[in-house]
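Engineer: Below is a structure I'd like to ask you about.
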Amino acid sequence: MAQSVKGTRDLFGKELDWFQRIEDTARRAFHRHGYREIRTPILEEIEVFKRSVGESSDIVHKEMYDFVDKGGRHVAMRPENTAGVVRAAIQHRMLEASDPQLLYYIGPMFRYERMQAGRYRQFWQIGAESFQVSTPESEAESLVMLYDFLRELGLEHLSFSINSVGTPECRPAFHEAFRAFFQAREAQFCDDCHRRIQENPLRVLDCKNASCQVALEGHPVMVDFLDPASREHHARLKEVLTELGLPFQENPRLVRGLDYYTRTAFEVLSSDLGAQSALLGGGRYDGLVKQLGGPQVAAFGWSIGLDRLAMLMQQLHGETRGAALPVLIPLGPVAALKALALARTWWAQGAAFTLETRGSALKKALTTANRTGAPLALLLGEGELEKGEVTVKDLAAGTQAAWTWDEVAERLRAHQD
Ligand code: HAM
């Protein structure tokens with residue numbers, strides 16, 4: 001029997017109930033802030049990722065699903081969506097005027113990763129990107145939207161971990177100091193870090209190897225090398241977050257696994273997640289639009305892994321409420337036809353319920369209703385047909401009542417709320 005490909009999975013049932021609930025909450029929160037959805041293709045030319053996420057990043061270096069298509073184009077299945085959104089914004093000339101562009105997306109991403117809990121090769125992200133915004137206040141706006149969205153989902157133990165990774169102008173001095181630090185203890189670093197120090201020294205800070213993390217003790221920190229404007233930006237962001245009561249801590253080792261960040265980089269940690277506790281990440285990327293062939297445009301954004309978030313919601317809150325619906329059970333062929341006509345009216349009036357269409361006898365239909373967790377069974381037999389009623393059995397409480405056909409839709413709607 002064929003199985004789903006390693007690292008991918010089918011979404012259905014309770015897990016998908018959580019996905020949908022999170023997506024609905026996200027859309028409402030983002031629309032309140034004026035963000036509009038964008039859907040970009042899963043396939044992009046591989047250059048889009050090489051020139052943005054970066055050739056030295058693990059994502060491009062090791063984890064990309066890329067291939068040459070039948071027309072000889074070298075394409076990749078998107079490992080993330082920021083690069084695709086930037087490519088689309090340039091292509092459709094959304095960034096020619098200086099008006100802010102506020103965009104969000106929800107969709108699957110692909111990374112050929114080592115398997116571990118909560119990490120998949122096809123996973124889902126919800127993300128928000130804002131363009132033509134350069135102030136710390138604009139970052140705070142995006143972070144408030146994110147924080148309030150997560151709070152609306154009932155998450156409580158959240159904090160931001162923030163850093164400034166500077167600009168291409170102030171990085172060379174940092175690189176020099178960092179390389180000198182590295183060389184003084186190079187035997188203590190892993191082979192990958194020896195490659196990283198050549199390609200992109202910041203990447204060394206991101207190494208997951210415990211002995212490299214020890215060797216990094218006392219390393220030069222980027223915030224000491226910031227140019228005055230970046231230092232002012234970083235200080236102002238901290239001030240605004242403090243004023244707004246958004247909990248944060250500074251983390252000088254936070255660089256993130258993508259090359260495009262400038263100035264602010266951040267993650268959100270949830271103590272409910274345990275060990276590897278970053279729920280999401282993002283930051284500023286003022287150079288990326290130009291790097292991909294567009295104008296010089298300031299930009300900021302983040303994306304959250306939906307798979308982990310859904311897992312967390314399930315752990316914290318159990319099942320979503322009210323997955324199983326009431327069921328309407330007609331008894332006999334005359335009732336079966338009438339039930340279809342009545343059901344159609346009630347559905348149109350906004351009631352949610354399923355219809356028993358297999359012609360099952362009462363006992364069997366009730367057994368099925370109980371097994372699937374239906375809260376109510378609405379019976380339509382000969383007696384009910386004559387009186388214009390349904391007999392309603394509350395399957396949890398074991399009680400019974402009669403509703404006229406006119407009141408069914410309203411009562412079912414009340415039951416849903
Ligand atoms: P990222 O840190 O690579 O950033 O991914 C963001 C989030 O996606 C992670 O924090 C994690 O929750 C989730 N994620 C990543 N890989 C996997 C995986 N294999 N399985 C499950 N979840 C995963 C970005 O992708 C940037 N585009 C964020 C951004 C937007 N920066 C600016 N704008």
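The values are calculated or read from the model by the stated rules, or taken from the named source; none is laboratory data. This structure is a prediction, so every number in the text was calculated from the model and none was measured. Positions of Cβ are backbone-derived with ideal geometry, glycine not excepted, and every protein chain shown enters the neighbour counts. In case anyone asks, the SASA skips ligands and DNA or RNA and just uses the protein heavy atoms, side chains included. Shrake-Rupley method; radii C 1.70, N 1.55, O 1.52, S 1.80 Å.
Engineer: Between Leu337 and Arg371, what is the spin-label point distance in nm, taking each point 7 Å from the Cα along the Cα→C-beta axis?
Structural biologist: 3.1
Engineer: At Gln213 and Trp405, where each label point lies 7 Å from the Cα along Cα→Cβ, what is the point-to-point distance in nanometres?
Structural biologist: Between Gln213 and Trp405, the label points sit 6.8 nm apart.
Engineer: Just to verify a number: FRET efficiency for Glu382 and Asp417, C-beta to C-beta distance, R0 = 45 Å, to 0.05?
Structural biologist: Numbers: r = 33 Å, r/R0 = 0.72.
It comes to 0.90.
Engineer: Another question about this same structure. Over the chain, what is the relative contact order in whole percent, taking alpha-carbon pairs under 8 Å and six or more residues apart?
Structural biologist: Values: 674 pairs, mean separation 66.7, N = 417.
Relative contact order here is 16 percent.
Engineer: Another question, if that's okay. From the Cα gyration tensor of segment 197-276, with a ≥ b ≥ c the square roots of its eigenvalues, which class applies: rounded if a/c is under 1.5, or else prolate if a/b is larger than b/c, or else oblate?
Structural biologist: On the way: a/c = 2.02, a/b = 1.21, b/c = 1.67.
Here segment 197-276 falls in the oblate category.
Engineer: Determine the relative contact order of segment 327-416: mean sequence separation of Cα pairs under 8 Å and six or more apart, normalised by residue count, in whole percent.
Structural biologist: 32
Engineer: If the cut-off is 21 Å between C-alpha atoms, which lysines fall inside it for Lys364, apart from same-chain ones fewer than 8 positions away?
Structural biologist: The reachable lysines, counting only those whose Cα sits under 21 Å from Lys364, are Lys338, Lys393.
Engineer: Okay, next question. At 0.890 mPa s and 25 °C, plugging the Kirkwood radius over alpha-carbon pairs of the chain into Stokes-Einstein gives what diffusion coefficient in µm²/s?
Structural biologist: Answer from the Stokes-Einstein relation: 99 µm²/s.
Engineer: Compute the acute angle (0 to 90°) between the alpha-carbon long axis of helix 306-317 and the principal axis of greatest extent of the alpha-carbon atoms of the chain; round to the nearest 10°.
Structural biologist: Once rounded, one gets 60 degrees.
Engineer: Rolling a 1.4 Å sphere over the protein heavy atoms, what is the accessible area per residue of segment 327-416, to the nearest Å²?
Structural biologist: 57
Engineer: Between Phe67 and His194, what's the calculated FRET efficiency when r is the beta-carbon distance and R0 is 41 Å? Round to 0.05. The partial results should precede the final answer.
Structural biologist: On the way: r = 30 Å, r/R0 = 0.74.
FRET efficiency, Phe67 to His194: 0.85.
Engineer: Next up: Multiplying the sequence separation of Gln183 and Met115 by 0.36 nm and subtracting their Cα-Cα distance, what value in nm do you get? If you can, show how the numbers build up before the last one.
Structural biologist: Values: separation 68, 0.36 × 68 = 24.48 nm, distance 3.31 nm.
In short, 21.2 nm is gained.
Engineer: Given the -39500 (n - 2.57) contribution per DSSP H run of 4+ residues, what per-residue ellipticity at 222 nm results for the chain, rounded to the nearest 500 deg cm²/dmol?
Structural biologist: -12000 deg cm²/dmol
Engineer: Also, I was wondering about something else. Using Cα positions and a limit of under 16 Å, work out the aspartates and glutamates in reach of Lys14, with same-chain residues fewer than 8 apart set aside.
Structural biologist: Lys14 reaches Glu23, Asp24, Asp307, Glu319.
Engineer: Grab the beta carbon distance between Thr357 and Lys6, set R0 = 51 Å, and tell me the FRET efficiency rounded to 0.05.
Structural biologist: After rounding, the FRET efficiency stands at 0.85.
Engineer: Taking the chain as a Gaussian network, where each spring joins two C-alpha atoms under 10 Å apart, which residue of Asp191, Asp406, Asp227 fluctuates the most?
Structural biologist: In the Gaussian network model the winner is Asp406.
Engineer: In straight Cα distance, which lysines are under 19 Å from Lys6, not counting same-chain residues fewer than 8 positions off?
Structural biologist: Partners within reach: Lys62.
Engineer: When the accessible area of segment 327-416 is computed with all protein chains present and a 1.4 Å probe, what percentage of it is carbon and sulfur?
Structural biologist: 54
Engineer: Taking just the C-alpha trace of segment 327-416, give me its Rg and Dmax in Å.
Structural biologist: Answer for segment 327-416, Rg first and Dmax second: 11.8, 30 Å.
Engineer: What ranking do 158-170, 252-264 get when scored by the average of other Cβ atoms within 10 Å per residue, highest first?
Structural biologist: Numbers: 158-170: 19.2, 252-264: 21.5.
Highest-to-lowest ranking by the protection proxy: 252-264, 158-170.
Engineer: Separate question: Per the 1.4 Å probe, what fraction of the accessible area of segment 95-243, in percent, lies on carbon and sulfur atoms?
Structural biologist: 49
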